[in-house]
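Undergrad: Have a look at this one.
The values are calculated or read from the model by the stated rules, or taken from the named source; none is laboratory data. Remember, predicted model here, so these are calculated numbers, not experimental data. Using ideal geometry, Cβ is built from the backbone for each residue, glycine included, and neighbour counts are taken over all protein chains shown. What goes into the accessible areas is simple: the full protein's heavy atoms, side chains included, and nothing from ligands, DNA or RNA. Shrake-Rupley method; radii C 1.70, N 1.55, O 1.52, S 1.80 Å.
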Amino acid sequence: MIPENMPSSQDYQPKDLPFKRDLIGISEKTIEIHHDKLYTGYVNKMKQIGAELAALATGEKEVSGNQTYSELRALRNGETFANNGVYLHEYYFNCLGGSEEVPENALTNALSEKFGSIENFVTYFSASGMAMRGWVVLAWDTQLDRLKVYGCDSHNQGGVWGCIPIIVLDVYEHAYYLDYGSNRKSYIADFWKNMNWEAANHVFEKWSS
Ligand code: FE
């Protein structure tokens, strides 16, 4: 049994946006759909799946597995999709609400050193956003002990365990289609104009030291 004072996925609550809905290029309507409907929907699914897995985990319901189809298999796959859907969106929203100006801090210094310049990093990360179908992540890889860019096509495909997301870009069409049509390049260019470098630096400093 999970002790009563321990948080579980069933208790999880959607987080408020950490910025005002006045971003450059990305409309209030897009944020409303993205945060209030899609993200909140993932939180609800995470809670529902968590409750159903808890019933199996605690013996309340009989548990058995089959890799072609079983309730447990469906829940296992649903859980990683929903939970990563929640976490990745929270990391993404945390990156927004900043400004075009790139401050000098530990993260931007580390990126300049690693990529030669911030411009090189932004170009490489942005191109990765064009290459992937789901997400691009600048992470602190705790196995390699250094910054790494990873990309994935789906919430539960392509993620690397042991990595802490620092900058996360959502490149699913729902993130930009309303405002940019099929012009994903412009959306990514505006992502940098809204970038909250201080928030990203906060995560970097916490994990890299
Ligand atoms: Fe999204």
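Undergrad: Considering Tyr180, Tyr176, which residue is open to solvent by less than 30 Å² (accessible area, probe 1.4 Å) and either in contact (Cβ under 8 Å) with a residue 12 or more places away in the chain or outside the structural domain of Asn83 (by TED's automatic domain parsing) (or both)?
TA: Answer to the selection: Tyr176.
Undergrad: Being of a type in the set (A, V, I, L, M, F, W, C) and assigned to a helix (DSSP H, G or I) is the filter here, so list the residues in the range 168-209 that pass it.
TA: Ala175, Leu178, Ile188, Ala189, Phe191, Trp192, Trp197, Ala199, Ala200, Val203, Phe204, Trp207
Undergrad: Still on this model: Looking at His202, is it open to solvent by 10 Å² or more (accessible area, probe 1.4 Å) and touching a residue at least 24 places away in the same chain (Cβ under 8 Å)?
TA: no
Undergrad: Looking only at the range 157-167, how many residues end up being surrounded by 18 or more Cβ atoms within 10 Å (Cβ to Cβ) and part of a loop (DSSP other than H, G, I, E, B)?
TA: Within the range 157-167, residues that are surrounded by 18 or more Cβ atoms within 10 Å (Cβ to Cβ) and part of a loop (DSSP other than H, G, I, E, B) number 1.
Undergrad: So, in the range 53-92, of the ones that are part of a helix (DSSP H, G or I) and open to solvent by 80 Å² or more (accessible area, probe 1.4 Å), which residue ends up nearest to Tyr42 (Cα to Cα)?
TA: Tyr87
Undergrad: List every residue pair whose Cβ atoms sit under 7 Å apart, with the two residues 6 or more apart in sequence or on different chains, where the first one lies in the range 33-56 and is in the same structural domain as Tyr87 (by TED's automatic domain parsing) and the second, anywhere, is charged (D, E, K, R) and surrounded by fewer than 16 Cβ atoms within 10 Å (Cβ to Cβ).
TA: Ala55/Lys61
Undergrad: Counting just the residues of the range 11-32 that are surrounded by 15 or more Cβ atoms within 10 Å (Cβ to Cβ) and part of a helix (DSSP H, G or I), which one comes out nearest to the chain's Cα centre (by Cα)?
TA: Once the filter is applied, the top-ranked residue is Ile31.
Undergrad: How do the pairs read when you match residues in the range 91-112 that are without any contact (Cβ under 8 Å) to a residue 24 or more places away in the chain with residues anywhere that are part of a helix (DSSP H, G or I), using Cβ under 8 Å and keeping only pairs 6 or more apart or on different chains?
TA: Ser112/Ile118; Ser112/Phe121
Undergrad: Could we say that Gly98 is within 16 Å of the ligand (Cβ to nearest atom) and surrounded by 18 or more Cβ atoms within 10 Å (Cβ to Cβ) here?
TA: It is false that Gly98 is within 16 Å of the ligand (Cβ to nearest atom) and surrounded by 18 or more Cβ atoms within 10 Å (Cβ to Cβ).
Undergrad: Next up: Any chance you could count how many residues in the range 186-195 are under 16 Å from Val168 (Cα atoms), open to solvent by 40 Å² or more (accessible area, probe 1.4 Å) and touching a helix residue (DSSP H, G or I) at 6+ places or on another chain (Cβ under 8 Å)?
TA: So the count comes out to 1.
Undergrad: Further, regarding this structure: I'd like the residue in the range 125-153 that is in a strand (DSSP E or B) and within 19 Å of Tyr187 (Cβ to Cβ) and, out of all such residues, is nearest to the ligand (Cβ to nearest atom).
TA: Trp135
Undergrad: For the range 167-208, give me each residue that is more than 15 Å from the ligand (Cβ to nearest atom) and among the charged types (D, E, K, R).
TA: Correct list: Lys185, Asp190, Lys193, Glu198, Glu205, Lys206.
Undergrad: Then there's this: Looking only at residues that are buried (at least 17 other Cβ atoms within 10 Å of the Cβ) and under 20 Å from Gly25 (Cα atoms) in the range 103-133, which one is nearest to the chain's Cα centre (by Cα)?
TA: Looking at residues that are buried (at least 17 other Cβ atoms within 10 Å of the Cβ) and under 20 Å from Gly25 (Cα atoms), I get Gly129.
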